[in-house]
Structure formats: C-alpha cells, structure tokens
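The structure appears right after this line, and notes come after that.
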Amino acid sequence: MAFEGVERIKDAFVLATGKFLHKIFIEQKLNNVVGYIFISFFAIALGYLFAKQTILGLGVTGLICGIAIILACMMDTLTGLFINVVYSFFVYAFSRYFFNDTFPVGVVSDILIVATLFSFFVKKVHLKETINEFAHKQVVIAILVLFFYLMIELFNPYARSFEGWYQTFRKSLDALFLLFIAYKAFDNYQSVRKFLVLLFFVCTICGLYGCIQQWHGLFDYEKNWAMADDNRFGLIYIGGDFRKFSTMPDPTAYGIMMASCGIFYLIIAWNEKKLATRLIILSGVALMFLGMAYSGTRTANAMAVAGLAMFMLLSINKTSTKIFAVCAGMAFVALMYGPFYGNATINRFRTTFSGTDDPSYKVRELNRAFIQPYIYSHPIGGGLCTTGAGGLRFNPTHYLAGFPPDSGYLKKALETGWIGLIIICVLYFVILKNCIRGYFEATQPDIKILFAASCAFLFSFYIADFAQDAIGQITDTVVYYPLIAITLKLNSFKSENKEEIKNENKYEAPAIFEN
C-alpha cells in the first residue's frame with residue numbers, strides 16, 4: 001500500500017511538472033517570472049564570461065547562435081533557404097573581420113544546407129509526389145546525368161587524389177540539395193516573392209558596401225587581408241588601386257554576382273507598374289552596377305551586356321523593350337566613346353570590349369591552343385580538381401597541376417574531358433530552353449517577366465563561364481540554383497493578378513514586389 005501511494009505521488013508530480021513546463025515554455029514562451037529569472041541569470045553569466053574569459057564567452061555565444069540558426073533551418077524550409085542566402089553573401093566579410101579569413105566557410109555552408117534538407121523530415125513532409133515530379137523535369141534529368149558522370153570520375157585513371165574528387169563532388173551534391181530545397185520551398189507564388197525581396201535587399205547591401213569601399217577606401221583590416229598573400233594582392237591591386245570586393249570572397253565573385261543580379265532586377269524594375277516600387281528597385285540596381293564597375297571585373301561587364309541583350313532579343317516585340325533597347329544602346333555608346341578619359345573604372349569597362357587587341361586575351365588564346373591536344377586525347381579528362389591551384393594542392397604531380405584554365409568551359413574540358421563538356425553544354429541548353437519556352441507559354445505578365453529576367457540572369461552566367469570559372473562558388477550557387485527552381489515552378493502558379501495579356505505590345509506587369 002505504501003509503495004502504491006509513493007507511485008501515485010510520483011505520477012502526480014510528473015504530471016504537474018509536465019503541465020508546468022508546458023505552460024512556462026510552450027504556452028507563455030518564457031514571458032513570465034520564471035523566464036525573466038532564467039534570462040537574467042543567463043545574461044549575467046554571459047557578461048561574466050565576456051569580462052573574464054572573452055574567447056570562451058564568444059565561443060558560447062557563437063554556439064548558442066549556431067544552434068538557434070540550425071534549429072531555424074530545420075523548422076522551416078523557406079527560412080532555411082533564406083538563412084543560406086544571407087550566410088553566403090556576408091560570411092566572408094565576417095571571416096575576414098573576426099577570424100583573419102580562417103573561418104570554415106564551406107563546412108558551415110554544408111551544415112546549413114543539410115539542416116534545411118532535414119526540415120522535410122522534421123515537418124514530416126510527404127516527398128514522394130514532389131520527388132517524382134522533380135525527377136521528371138528535363139533540367140533535373142540533365143543535372144542528374146552530370147551528377148552521376150562526376151561520380152564516375154572517381155575512377156578516372158589519370159586522377160590521383162580522392163580528396164580532390166571529393167571537393168568537387170561535394171559541391172555538386174550541395175547544389176543538387178539546394179535545387180531540391182528551393183523547388184520544394186517555392187510551393188506558391190508568395191514564397192517566390194519573399195525570396196526575390198530578400199535577394200534584392202542583400203544584393204543592395206552588398207552593392208552599397210562595395211561603393212563605400214570605393215568612396216571611403218578599404219578599411220585597415222581589409223587592406224591587411226589583401227596584402228597578406230602575394231597572389232591575392234596581385235589580383236586585387238591593379239592600376240594603382242584596389243579592386244573592390246565588398247562582402248564577397250574576391251573582386252571577381254563580387255562583380256559577377258552584382259552583374260547578374262543587377263540584370264535581373266533592372267528587368268523587373270523596367271516592367272514594374274508602380275512608380276515608387278520602380279524607383280526603389282532602380283536605386284538598388286544602381287548600387288549593384290556601381291559595385292560591379294568598382295570590382296574591376298571585366299567579365300562582369302560582358303555579363304551585363306550579354307544578359308540585357310538576351311532580354312531584348314527575347315521580348316523585342318514589346319514596345320517597352322524597344323524603348324529599353326534604345327536607352328541601353330545609348331548608354332553603352334556613351335560609356336565606350338564618350339569624352340571620359342581619366343576615369344579608371346570607365347577605362348577598364350572599355351577594355352572589356354577591345355577584343356583581340358587585349359593582351360590578356362592573347363595569352364589566354366595561346367594557353368588554350370597549347371592545351372587542346374590534351375583535351376582531344378583524354379575524352380574523360382584528367383580528373384576532378386587537377387587544374388589551377390586546386391591541382392597544385394590535391395594533385396601536385398599531375399600534368400595539369402597549376403595550369404590556369406581561365407575559363408569554366410576549358411576547366412571542365414580538361415578535368416572531365418570533351419564528354420563532360422558536352423554534358424555541361426547540353427545542360428545549359430536545356431536550362432535556357434526551359435526559360436524561353438516558359439516565357440512564351442506564360443499568359444500572366446508577372447510570370448513572363450520573371451521568366452525573361454531569369455533567362456537573362458542564367459545566360460549572363462554562361463557567358464561569364466567563357467572567361468571565368470563563374471559557377472560553383474558558395475556566393476553564386478545560393479542564387480543560381482534557386483532561380484532555376486523558380487523557372488521550373490513558375491507556370492504552375494496562379495498569380496494573384498489573374499489578368500491575361502490582352503495587348504502584347506502595351507501590357508504592364510503587376511507589381512511583383514507588392515502584396
């Protein structure tokens with residue numbers, strides 16, 4: 001009897017404790033006396049650590065913030081995608097300022113992507129139908145073919161490093177995960193709008209910071225970082241001035257991202273019907289293009305011209321596009337032939353289109369001619385991560401180690417062979433085909449605009465890949481693959497504005513940024 005009494009008291013205590021904790025933490029969310037005491041105690045303890053053990057205090061704070069961010073990624077897929085975007089845009093500046101560029105950027109990015117992927121299991125999302133739909137898209141099929149081809153590259157007899165293969169394969173796996181995450185997260189038109197608004201703000205902030213670097217000069221810690229490595233300094237300090245890199249890993253990544261996103265939002269702004277919204281977007285676009293120019297990345301200049309040309313070609317039957325073409329043509333002529341001779345930024349823009357007269361272009365052509373016999377004789381290439389700096393690190397005795405490909409296409413041809421290059425070109429073709437077909441099949445103006453802007457964005461990347469290894473960095477994959485996902489989902493949405501295009505030459509798009 002005594003034992004049964006103890007059991008009853010124990011059960012009652014457990015039940016009461018459970019109800020109490022549920023009320024305190026779940027219902028009231030610590031907005032009570034217990035919560036105030038807990039938070040006060042935690043703040044005092046953390047303050048003591050910062051005062052007495054600063055490094056330990058920073059470590060505890062970082063651990064708490066990291067756990068909170070990972071939990072946020074796991075609790076909501078769209079939030080996780082947003083966190084990945086914000087992280088990728090600003091983590092390099094964070095690493096330079098706090099960790100002297102030693103922060104494990106790639107490892108944390110992998111963790112965030114996997115945590116976001118786990119949100120499907122935490123929320124018990126039924127993925128069978130989504131996976132089946134996703135896997136039957138032509139673009140996804142082409143990406144999967146490339147993915148499995150890269151898996152086979154593990155057995156390339158010319159490659160000599162598993163770690164080198166793994167570095168490239170890991171990026172491909174992250175990209176595939178990111179594409180699927182975005183495809184599932186963009187389950188309605190409103191989620192696409194939220195993503196575009198977030199991307200606009202982070203791009204604007206990034207562009208503004210690059211302008212501040214130009215107008216104010218690099219901050220001391222940024223100069224120290226730029227001069228800490230001779231190779232880095234040689235790439236950043238050109239013509240008596242530092243190229244600007246904003247919050248990105250280097251000026252090239254900064255210029256490429258600002259050019260591609262500037263194109264995307266300029267097209268949206270040009271077709272925006274609300275004047276106030278249009279002016280806000282154009283202000284952000286101006287900062288993006290200024291940042292692009294200050295980066296000194298000539299590839300970015302070519303991207304801007306090519307992307308806008310693709311948009312004009314795609315929608316040339318629109319009156320607004322014809323006006324845009326005239327304005328863009330006049331601006332290009334003014335920059336190329338106007339009486340501006342003392343401005344280093346404009347002079348560098350002009351050298352982008354100097355063609356065969358450019359000395360660096362001649363050097364690249366000689367390099368390509370020299371290495372072509374190797375491509376012809378190695379149909380599956382020399383193996384992943386065997387060229388450039390990656391080759392020196394992972395395959396130092398390889399024939400290609402240290403060879404500067406200076407082109408995404410050339411790098412893919414060398415590392416994966418002409419077979420891999422064909423797969424890549426087919427993939428790019430299928431992606432652009434999907435955008436162009438989607439544009440002409442869409443009946444809603446806002447959907448057509450997003451297809452046109454996405455097509456220009458993606459085409460500019462494929463042009464950039466001719467002069468740089470443009471696709472694959474953390475900073476671009478968080479935008480490149482979500483935009484591909486958007487193009488795969490757009491025509492399945494029904495926009496809030498149901499009005500169809502009645503006059504193809506005079507339509508105005510609904511405000512994409514408006515609720």
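Among the conditions (1) surrounded by 24 or more Cβ atoms within 10 Å (Cβ to Cβ); (2) modelled with pLDDT under 95; (3) assigned by TED's automatic domain parsing to the domain that holds Ile268, Phe466 misses just one, which is (1). Number of residues in region 98-127 that are in a helix (DSSP H, G or I) and either surrounded by 11 or more Cβ atoms within 10 Å (Cβ to Cβ) or assigned by TED's automatic domain parsing to the domain that holds Tyr166 (or both) equals 18. Scanning region 360-411 for residues that are β-branched (Val, Ile, Thr), closer than 13 Å to Arg160 by Cα and free of Cβ contacts under 8 Å to residues at least 40 places away in the same chain yields one hit, Thr387. Suppose the filter is β-branched (Val, Ile, Thr) and surrounded by 12 or more Cβ atoms within 10 Å (Cβ to Cβ); does Val33 pass it? It is false that Val33 is β-branched (Val, Ile, Thr) and surrounded by 12 or more Cβ atoms within 10 Å (Cβ to Cβ).
Is one or more of the residues making up region 191-201 at pLDDT below 95, of a type in the set (Val, Ile, Thr) and surrounded by fewer than 18 Cβ atoms within 10 Å (Cβ to Cβ)? Within region 191-201 (the criterion being at pLDDT below 95, of a type in the set (Val, Ile, Thr) and surrounded by fewer than 18 Cβ atoms within 10 Å (Cβ to Cβ)), the answer is no, since none of the residues qualifies. Gly207 versus (1) small (Gly, Ala, Ser); (2) over 30 Å from Ile268 (Cα atoms); (3) at pLDDT 95 or above: which is the lone unmet condition? Of the numbered conditions (1) small (Gly, Ala, Ser); (2) over 30 Å from Ile268 (Cα atoms); (3) at pLDDT 95 or above, the odd one out for Gly207 is (2).
Residue pairs, Cβ under 6 Å, 6 or more apart or interchain, first in region 142-162 and farther than 18 Å from Tyr481 by Cα, second assigned to a loop (DSSP other than H, G, I, E, B) and not aromatic (Phe, Trp, Tyr). List them. Going by the 6 Å Cβ cut-off, the qualifying pairs are Glu153/Leu384; Asn156/Ile380; Asn156/Gly383; Tyr158/Gly382; Tyr158/Gly383; Ala159/Gly383; Arg160/Asn395; Ser161/Asn395.
Taking the criterion of being over 30 Å from Lys273 (Cα atoms), at pLDDT 90 or above, surrounded by 24 or more Cβ atoms within 10 Å (Cβ to Cβ) and in contact with a helix residue (DSSP H, G or I) (Cβ under 7 Å, 6 or more places away or on another chain), would at least one residue in region 433-453 satisfy it? No; the residues of region 433-453 include none that is over 30 Å from Lys273 (Cα atoms), at pLDDT 90 or above, surrounded by 24 or more Cβ atoms within 10 Å (Cβ to Cβ) and in contact with a helix residue (DSSP H, G or I) (Cβ under 7 Å, 6 or more places away or on another chain). Any residue at all in region 251-261 that is part of a loop (DSSP other than H, G, I, E, B) and either crowded, with 19+ Cβ neighbours inside 10 Å or not polar (S, T, N, Q) (or both)? No, that holds for no residue.
Conditions (1) in a helix (DSSP H, G or I); (2) of a type outside the set (S, T, N, Q); (3) under 23 Å from the mean Cα position of the chain (by Cα), marked per residue:
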position	(1), (2), (3)
Val202	yes, yes, yes
Cys206	yes, yes, yes
Trp215	yes, yes, no
Leu218	no, yes, no
Asn224	yes, no, no
Arg232	yes, yes, yes
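The values are calculated or read from the model by the stated rules, or taken from the named source; none is laboratory data. Here the structure is a predicted model, which is why all the values come from computation and not from measurement. Note: ideal-geometry Cβ built from the backbone for every residue, glycine included; neighbour counts use all protein chains shown.
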